[in-house]
There are 6 protein chains.
Amino acid sequence: MAVDSGALHVLREVSTATVTSILLKKGIRNVWMRGPKPLRAGERRIVGPAFTLRFVPMREDLATPASWASPNSTRAAVEAMPEGCVAVVDAMGVADAGIFGDILCARMKRRGAAALVTDGVVRDVTGVLSTDLPVWCAGVAAPASVAGLTFVGWQQPVGCGGVAVFPEDIVVIDDDGAVVIPAGLLDEVIDKGPKQEREETWIMKQVMNDAQLPGLYPMDAETRARYDAESGTN
Amino acid sequence: MAVDSGALHVLREVSTATVTSILLKKGIRNVWMRGPKPLRAGERRIVGPAFTLRFVPMREDLATPASWASPNSTRAAVEAMPEGCVAVVDAMGVADAGIFGDILCARMKRRGAAALVTDGVVRDVTGVLSTDLPVWCAGVAAPASVAGLTFVGWQQPVGCGGVAVFPEDIVVIDDDGAVVIPAGLLDEVIDKGPKQEREETWIMKQVMNDAQLPGLYPMDAETRARYDAESGTN
Amino acid sequence: MAVDSGALHVLREVSTATVTSILLKKGIRNVWMRGPKPLRAGERRIVGPAFTLRFVPMREDLATPASWASPNSTRAAVEAMPEGCVAVVDAMGVADAGIFGDILCARMKRRGAAALVTDGVVRDVTGVLSTDLPVWCAGVAAPASVAGLTFVGWQQPVGCGGVAVFPEDIVVIDDDGAVVIPAGLLDEVIDKGPKQEREETWIMKQVMNDAQLPGLYPMDAETRARYDAESGTN
Amino acid sequence: MAVDSGALHVLREVSTATVTSILLKKGIRNVWMRGPKPLRAGERRIVGPAFTLRFVPMREDLATPASWASPNSTRAAVEAMPEGCVAVVDAMGVADAGIFGDILCARMKRRGAAALVTDGVVRDVTGVLSTDLPVWCAGVAAPASVAGLTFVGWQQPVGCGGVAVFPEDIVVIDDDGAVVIPAGLLDEVIDKGPKQEREETWIMKQVMNDAQLPGLYPMDAETRARYDAESGTN
Amino acid sequence: MAVDSGALHVLREVSTATVTSILLKKGIRNVWMRGPKPLRAGERRIVGPAFTLRFVPMREDLATPASWASPNSTRAAVEAMPEGCVAVVDAMGVADAGIFGDILCARMKRRGAAALVTDGVVRDVTGVLSTDLPVWCAGVAAPASVAGLTFVGWQQPVGCGGVAVFPEDIVVIDDDGAVVIPAGLLDEVIDKGPKQEREETWIMKQVMNDAQLPGLYPMDAETRARYDAESGTN
Amino acid sequence: MAVDSGALHVLREVSTATVTSILLKKGIRNVWMRGPKPLRAGERRIVGPAFTLRFVPMREDLATPASWASPNSTRAAVEAMPEGCVAVVDAMGVADAGIFGDILCARMKRRGAAALVTDGVVRDVTGVLSTDLPVWCAGVAAPASVAGLTFVGWQQPVGCGGVAVFPEDIVVIDDDGAVVIPAGLLDEVIDKGPKQEREETWIMKQVMNDAQLPGLYPMDAETRARYDAESGTN
């Protein structure tokens, strides 16, 4: 699925909090990944199609530095990443083996990857930060991936932080973390997202003017009429 | 129980570390909430009576955006908060559904709530920070409360971070986290707290002058005599 | 075992990520402590022999403020620390009782301890930070150690963050956390560490010049020949 | 809400597995309590309205043997239990303090309580088993409730094993554990449950005759036609 | 890889404890799956090639009863299982959604599957037990798989209970749980396993005759000489 | 400390539930080990002085089968166990490496050890059961201890299941698990235990005669007077 750049542009104005609210009204609750947090404070919101990578647990005969030269390696996966993708790495929440270090992150940045998201951790954190690749991860650890993980492939369905992610799902990440938008619900989010953001901005203004919450948030009929009038929505 | 403002004033000079030490000497060990951390670094110490809120787990027919308009909603609870209270929210440690976002925090701030403490997480963290409401929580998540929680009421006994909190218990929060002072032990803490703070300041000065720890901390009889003489305590 | 200062000097140029890679090639995977993180951002790398301390769980008749005056106390342990040591404290991962506060950290600093590493937490964090003692810990809590732990001795084998640490093992700590170098493998790390750091610097330069990863990292024969030529290694 | 005995009678023929399937088709996924397991193998299925009890964490000044004589005690709660109820006890998953022992279970049995369900544990397990009260719990521990819990009341909404339970919800328990049927969905379960049980019995018969699964389970149109014909459902 | 039946026959005499010991001497430590336990006591040892199935987390638009009729369903996977295989199901340790119930287990049994191993749980446990399919799982839960899991495929590399399992790896299961033998190490296990079992039987006989452990287990040179003589090994 | 056999005899009539109640009234709450459960149902109560063993985490250069022949091995520890002791093994809750198998358990039984208690697991469970050594553990795993643990010594203070255990503490184990009696409180337990058991037997009889709980359990003054009269206690 190719996502047109207009859609991505609109989504950049919609917070992950708003995305989850819209999906919840459609009965979809499990889209926020548990674990990934911004490695650097103050990253701006990023949106892109998911490029998935998958690890299984370490087995000592497979998870070795030698495996890094295999055709089915993380190195090959990085070279397959298209510009603008968000790499989503299923590390099964393993927190004591860094999936990527500074060199792979630097290469991802050179290839134009938009961000790295994982329920695992990175290593060589000082170097990773210096690459300027936006990273959402569950922390930092010194050991290499092969100390705890075996890489098995890319662009397969994965679980990341308790959420199912399929290749080409849309991923939105900001200070509240990383969420997935199922392809079939993308239009819904693009349609409702900006509207909801505008409403919440207006509601906040009322709160700053000492309005009480009941009837305001969520809006009752009277408040909505006032909002429609003031905002020229209707 | 109304707490007089003098008591709150004294407690603002007593660290949570000192509060727990005094209570422990009375056999009370379980008063520090596991989970709540300051959302923003460098918050000053805050003291106030607890105003409790309680969630139970999400059930899909109850935990819906529609429930936000119910008379028994978080919105109504916020409107019931008295000035100066510390809102203590029992979210059962659920970390993947934000109990409050920027709008509720803004309203709390307008109503004069002193702080928000929870073993859960908040959402829309950028907005929450912009309200300047002091928040001690266990992290951040994009989904709304109803993605994982059902709100059931306020001013009931709650468990927050493994600690029992009753309405009107005194809550003290600083960089070390949040502690509860049982009402019956408030006088003890007010009596002993400032003394212990002064002693530790004096001990620290000795350490900076290369005094050894044994006999100094805790003070033996000789050291105490010297302390009493120097500080004019006796 | 006395570690000569030249060895420590060399190790200060070798990241914990590199240390773990070298040890992994020798079949040693479990050397990175789960839990300890730098309390203050931007600490420089620290290297030193381990000085171990050990706690067992709290029992109310033993873990009391009175125990702090015992000859077998944390205070006595601090006084036994040699200059340059890295104190490694086995707190069994207990996160709701601070092993040390500002006074003990200040004394450690005065005695010349290089750093404090623990899978537990510290208390009175503002005070601890003011002592300038480098601390790698699993967080912060207000209660004193005796609220959850009983101190039993020092310079015994311990488990810290899932890693066995023996007195006089070499500990290296940086932004990626804390790792142990078994004595028998120290020469290996000193021999291979600086080489690997130089290679990775060269590889990073190639990446910044848009080199692809396969064949580069790890180096294949052709790349290695080029590296040897350029770096004059051979 | 009074549940008529006919409804309970029907539900006794419907497994908890079937109940969850029917509710899931209505979008209700979170009704199975994590933790409670039958203390004794081979208990028959039990159905009854929930009678809830609630604990918060232990605080040493409140959770004492003396509290057992308070009017707001577990003892008083037991005396308030109506015949046929299923006691659902929110112990916050605490596994190191037994909520009830043999004496309270014996009294529950005498009062006609149908069963005890908890995400906590019981104590004096030999004695509890001798009372013949059916118990679904998360295990066994020697310490009394007050070692880890403070009792705060009964017939309030509770969370048990990650599930919201309201007084008078219908609870069904069998070898697969304990599930809650929200009142508003009781008719749905009574209507669909026995039908689904009959269908699955028929499907199992086909499997034993070596039928393949696709098309059979779930039934496609052709299979359903055959089922309707054979079972005279239509 | 086809495993000849002679190899399987030999392995049935080698305990999982012995398998892990032999692999450990080759540096392979991570082969025992955390979670799977025999559902029924007293199962005999089972050996067979792995047939893997893989789930990712539930997403409400994908994990539905309707998905059971998809060509890529658990039903289709069961129909693809060869006789004698051990089905290894990666359920990511999810304990509140049963991967299989009685009908799928019955069909597996009819198709000649040797056993079902999972780090997840089964549902309809009474029915599952009645099928006589040997099951090693992490427990029991009433909800269907789609309450918590999305099925994505079979015969891919999986992680089960923290262990990497590849299609056609050999799986051995007994009362101590389930272990994987990497294909490349099968000959080693077949060669060493029966020998080690014989030695341990002899050692046990010595212990029953009151022999002391040092020198006996492991055998020192003298003991080994005696063993060789008595057992005619040499 | 030598415990006279009369004391052990009395304690055999006092349940672990009663022991914890008596200690709790003295302010001692943390004496029940989390984890150890009877490996075989229906073991009778066992009492004996603790003989402690201690493991730290596995390090691949230390935790090897070769280490079993070291003078500081589990084998040597077993040979040091006195008759009647309860071996308490601190395995740090590691659940994927069996501390002992059938051979060491058989030797313990031959030496007259009363029981094995651990927060870890055993291996070769069929063999262990056949030795008839009473075992309280947290489960079963195939891998040997060295897959996850390094043995470091015996008769040191240890933490087992979150409880501090010192050599010669008295350990009581029954179906409710394992508890420690601090030496200084042994007389208290011997004095109060049998009395409390008699009272609870009498209370249970009243319950079977349909007495209500308030006033009965705990006894109010009137009930106690009746008890004293009936039991001739006074």
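The values are calculated or read from the model by the stated rules, or taken from the named source; none is laboratory data. Here the structure is a predicted model, which means the values were calculated and not measured. A quick note on method: Cβ atoms are made from the backbone with ideal geometry, for glycine too, and the neighbour counts reach across all protein chains shown. The protein model used for the area step is the full one, side chains on, heavy atoms only, and it has no ligands, DNA or RNA in it. Shrake-Rupley method; radii C 1.70, N 1.55, O 1.52, S 1.80 Å.
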Open item on the list: Checking D:Val121 against (1) at pLDDT below 95; (2) under 25 Å from D:Gly162 (Cα atoms); (3) out of contact with any helix residue (DSSP H, G or I) (no Cβ under 7 Å at 6 or more places or on another chain): exactly one of these is not met. Which one?
Closed with: (1)
TODO: Would you check if E:Thr74 is closer than 20 Å to A:Pro157 by Cβ and at pLDDT 95 or above?
DONE: yes
- [ ] Output yes when any residue across segment E:94-112 is over 19 Å from D:Lys37 (Cβ atoms), in contact with a strand residue (DSSP E or B) (Cβ under 7 Å, 6 or more places away or on another chain) and open to solvent by 10 Å² or more (accessible area, probe 1.4 Å), and no when none is.
- [x] no
Task: Residue satisfying condition, being in contact with a Leu (Cβ under 9 Å, 6 or more places away or on another chain) and crowded, with 17+ Cβ neighbours inside 10 Å, within set E:Thr52, E:Thr74, E:Thr20 - done: E:Thr74
Task: Close pairs from segment F:209-234: first farther than 15 Å from D:Cys105 by Cα, partner of a type in the set (Ser, Thr, Tyr) and surrounded by fewer than 16 Cβ atoms within 10 Å (Cβ to Cβ), Cβ under 8 Å, at least 6 apart - done: F:Tyr227/F:Thr233
Open item on the list: I need every pair where a residue in segment C:18-38 that is farther than 14 Å from C:Val189 by Cβ has its Cβ under 9 Å from the Cβ of a residue that is among the aromatic types (Phe, Trp, Tyr), sequence separation at least 6 or different chains.
Closed with: C:Met33/C:Trp136; C:Gly35/C:Trp136; C:Pro36/C:Trp136; C:Lys37/C:Trp136; C:Pro38/C:Trp136
Task: Qualifying positions in segment E:13-42 - at the interface with chain F (Cβ under 10 Å from one of its Cβ atoms) and charged (D, E, K, R) - done: E:Lys25, E:Arg29, E:Arg34, E:Lys37
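Test D:Leu213 against the stated conditions and say whether it is closer than 21 Å to E:Thr126 by Cβ and within 14 Å of chain F (Cβ to nearest Cβ).
On the way: closer than 21 Å to E:Thr126 by Cβ: yes; within 14 Å of chain F (Cβ to nearest Cβ): no.
In short, no.
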Open item on the list: If I go through segment C:131-171 residue by residue, how many of them are touching a helix residue (DSSP H, G or I) at 6+ places or on another chain (Cβ under 8 Å) and polar (S, T, N, Q)?
Closed with: 3
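I need the full set of residues from segment A:38-61 which are farther than 24 Å from A:Arg75 by Cβ, among the aliphatic types (A, V, I, L, M) and touching a helix residue (DSSP H, G or I) at 6+ places or on another chain (Cβ under 8 Å), in order please.
Going residue by residue through segment A:38-61, those that are farther than 24 Å from A:Arg75 by Cβ are A:38, A:40-45, A:47.
Pick out the ones that are also among the aliphatic types (A, V, I, L, M) and you get A:41, A:47.
Result: A:Val47, single match.
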Task: Conditions (1) without any contact (Cβ under 8 Å) to a residue 40 or more places away in the chain; (2) in contact with a helix residue (DSSP H, G or I) (Cβ under 6 Å, 6 or more places away or on another chain): number failed by C:Val128 - done: (1)
- [ ] Assess whether D:Val10 counts as being touching a residue at least 40 places away in the same chain (Cβ under 8 Å), more than 14 Å from chain E (Cβ to nearest Cβ) and among the aliphatic types (A, V, I, L, M).
- [x] yes
Open item on the list: D:Gly42 - would you say it is buried (at least 18 other Cβ atoms within 10 Å of the Cβ) and within 16 Å of the chain's Cα centre (by Cα)?
Closed with: no
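Can you pull out the residues in segment A:72-93 that are among the β-branched types (Val, Ile, Thr) and away from chain C (no Cβ under 11 Å)?
Our first condition is that a residue be among the β-branched types (Val, Ile, Thr); within segment A:72-93, this holds for A:74, A:78, A:86, A:88-89.
A:Val86, A:Val88, A:Val89, listed by residue number.
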Open item on the list: Within segment C:55-71, take every residue that is within 26 Å of the chain's Cα centre (by Cα) and within 7 Å of chain F (Cβ to nearest Cβ) and give me the one that is most open to solvent (accessible area, probe 1.4 Å).
Closed with: C:Met58
- [ ] Provide a single number: the residues in segment E:114-159 that are more than 8 Å from chain D (Cβ to nearest Cβ) and of a type in the set (D, E, K, R).
- [x] 2
- [ ] Would you mind stating whether C:Ala164 is of a type outside the set (S, T, N, Q) and within 14 Å of chain A (Cβ to nearest Cβ)?
- [x] no
